[in-house]
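Below is one structure, written out as structure tokens, with a few remarks after it.
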Amino acid sequence: MNVMMDNRGFSLVELMIALLILAIGLLAVAQMQILSIQGSTGSSRITEATHLLQDEIEKFRQPSAFLKIRTATGFTNSAMHDHLIDRNPGNNNDLDSTTSYDYAETIVMPPRNNEYTRYVNIKNICDGPSYTSCSDYDVLMKEVNVIVKWVEGGIEHKISSRTIVSGKDREFF
């Protein structure tokens, strides 16, 4: 009795095709992982920049921004009051400028040492008696634009936020 055994298996060609399909699938998954990491890094940079921007805007909204402190020789402006001075009136027509600004600072954020530049442009809307359109001469109103710029992958990015702050000069005894 002659019994033929059914020895069916995979040929070398079938095995090579299966490995090729598996390799293409793994490469696609690896590419998706790389894009995911890049997107996550970009999101992290935008979050840091937004934090720096919001932090600066909040400084202007503090009540101490309009505070004057009594000294032996009279009154002096608080540090935040000086922060609200329009140091460059020439840029008042373009508060989005990063070449003509009231002040700027470079900030390095740990742990990755990401570098950002924060620009602040201030425009006097109502600044005491020199502006006759103000009904209350004690009121100070400033338009403030904060811009944060950074470079990532050779591409320059920037975000900005604009606000109006107002208050009265107040004396602290």
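The values are calculated or read from the model by the stated rules, or taken from the named source; none is laboratory data. In this text the structure is predicted, and so the values were computed from the model without any measurement. FYI the Cβ positions are ideal-geometry reconstructions off the backbone, even for glycines, and counts take in every protein chain you see.
Structural remarks
- Residue in the range 39-57 that is closer than 12 Å to Val146 by Cα, surrounded by fewer than 16 Cβ atoms within 10 Å (Cβ to Cβ), at pLDDT 90 or above and acidic (Asp, Glu) present: yes
So that you can scan it fast, the table gives a plain yes or no per residue for (1) among the charged types (D, E, K, R); (2) surrounded by 13 or more Cβ atoms within 10 Å (Cβ to Cβ); (3) assigned to a strand (DSSP E or B); (4) modelled with pLDDT under 95:
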| site | (1), (2), (3), (4) |
| --- | --- |
| Tyr116 | no, yes, yes, no |
| Lys123 | yes, yes, yes, yes |
| Cys126 | no, yes, yes, yes |
| Pro129 | no, no, no, yes |
| Ser135 | no, no, no, yes |
| Val144 | no, yes, yes, yes |
| Ser160 | no, yes, yes, no |
| Thr163 | no, yes, yes, yes |
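- Among residues of the range 143-158 that are closer than 11 Å to Gly42 by Cβ, those with a Cβ under 8 angstrom from a residue that is of a type in the set (A, V, I, L, M, F, W, C) and not in a strand (DSSP E or B), sequence gap 6+ or separate chain, pair up as Trp150/Ala49; His157/Ile46; His157/Ala49.
- Leading residue by the ranking (farthest from Phe60 (Cα to Cα)) among those in the range 104-114 that are polar (S, T, N, Q) and either outside any loop (DSSP other than H, G, I, E, B) or modelled with pLDDT under 50 (or both): Asn114
- Selected residue (only one of Leu67, Leu84, Leu140, Leu95 is at pLDDT 90 or above and not polar (S, T, N, Q)): Leu95
- Residue within the range 5-16 that is under 30 Å from Ser166 (Cα atoms) and at pLDDT below 95 present: no
- Test result for Ser100, surrounded by fewer than 17 Cβ atoms within 10 Å (Cβ to Cβ) and either touching a Gly at 6+ places or on another chain (Cβ under 8 Å) or at pLDDT 90 or above (or both): yes
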